[in-house]
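Enquirer: This is the structure, below, for whatever I ask next.
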Amino acid sequence: MGELIYGAGTAYQLDDRTLAHLKVAAGVRLRRKESFYVMWTNPASLGSGRVCIWVSPSIPIQFHFSGSRPPELNRQWLAALDASAVNESGMQVMRESDAMGISEAPTRARSVGTSAPLTVQMH
């Protein structure tokens, strides 16, 4: 499990593969000086509910990976993450299998919020 460290130090655990895809998808938008929400659903083991963070070029964000090798990136997963960022809910962190049926069209991306919760832990 890697960690997304946001702002002054709030840490969220995500598996390395998901974290690597989120890093690239968010990085593309941050390089263009865009700000956006990133949202995911917590599993029942963490009390359920949703987490939503505001990502902006002015807020520090770090990606710490537990593994030593970067995973091979799935272009369709990256496209689904990017497409989801254009709606009012923001970029929806989703499982790789959930991204396979999502096109790059923003209207299709809105349905990702209904997927099963990810394993994300906050420190």
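Enquirer: Out of (1) in contact with a helix residue (DSSP H, G or I) (Cβ under 7 Å, 6 or more places away or on another chain); (2) surrounded by 16 or more Cβ atoms within 10 Å (Cβ to Cβ); (3) more than 18 Å from Arg32 (Cα to Cα); (4) hydrophobic (A, V, I, L, M, F, W, C), what's the single condition that is false for Leu73?
Expert: Leu73 satisfies all of (1) in contact with a helix residue (DSSP H, G or I) (Cβ under 7 Å, 6 or more places away or on another chain); (2) surrounded by 16 or more Cβ atoms within 10 Å (Cβ to Cβ); (3) more than 18 Å from Arg32 (Cα to Cα); (4) hydrophobic (A, V, I, L, M, F, W, C) except (2).
Enquirer: Then there's this: If Gln62 meets every condition in (1) at pLDDT below 95; (2) within 20 Å of Ala20 (Cβ to Cβ) apart from one, which number is that one?
Expert: (1)
Residues are listed down the side, and each one gets a yes or a no for (1) surrounded by fewer than 18 Cβ atoms within 10 Å (Cβ to Cβ); (2) farther than 18 Å from Met1 by Cβ:
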site	(1), (2)
Val28	yes, yes
Lys33	yes, yes
Tyr37	yes, yes
Asn42	no, no
Gly49	yes, yes
Pro57	yes, yes
Pro60	yes, yes
Gly90	no, yes
Glu96	yes, no
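The values are calculated or read from the model by the stated rules, or taken from the named source; none is laboratory data. Quick caveat, the model's predicted, so the values are computed rather than measured. So basically every Cβ, Gly included, is an ideal-geometry build from the backbone, and we count neighbours across all protein chains shown.
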